[in-house]
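One structure below.
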């Protein structure tokens with residue numbers, strides 16, 4: 001009776017990748033890329049960026065496989081941690097509201113309020129949502145999305161630290177996103 005081929009462990013594959021064995025990287029990719037993609041997709045909410053994360057993670061594995069230490073954790077954990085780092089790197093490169101549906105909605109709604117009755121109604125609904133923000137958050141939202149200022153320019157104009165502007169913007173967008181999701185769920189849209 002012929003023996004079935006032994007399936008190499010992830011650790012074996014990592015050791016082989018560390019010696020430059022391309023086929024071992026391909027096998028790691030087949031095993032772990034779906035999970036890396038799902039994690040990145042869930043965090044970034046963007047297919048293209050998630051695909052970029054997968055590629056970057058596996059390029060890092062190729063270049064740094066020798067740094068994996070089995071005494072410090074499994075291959076799964078190492079790849080998970082690496083994926084999180086790459087995702088956070090991508091998040092830092094996104095300009096405030098760059099991929100944010102809420103931010104796009106804000107800039108579109110205030111672009112031309114006389115554009116039509118449905119636009120006016122939507123702008124009115126958005127103004128209602130903005131009332132749930134602090135005055136400081138509303139101010140930052142208005143300056144960034146209505147006036148088109150960068151966060152750095154807002155910080156200079158308001159004479160506050162850049163980190164404060166970014167925090168206010170992120171908190172405001174998170175609040176608006178949650179409120180829009182609530183409305184969508186209550187309308188039966190989702």
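Once you order the gyration tensor axes a ≥ b ≥ c over the Cα atoms, which shape class does segment 7-73 get: rounded for a/c under 1.5, otherwise prolate or oblate by comparing a/b with b/c? Prolate shape, in that a/c is at least 1.5 and a/b is the bigger ratio. Going from the fewest other Cβ atoms within 10 Å to the most, the residues 177, 42 appear in the order 42, 177.
Every read-out reported here was derived from the displayed coordinates using simple, explicitly stated rules and does not represent laboratory data. Treat the numbers as computed from the prediction; the structure is a model and nothing was measured. Neighbour counts run over all protein chains shown; Cβ positions are idealised from the backbone, glycine included.
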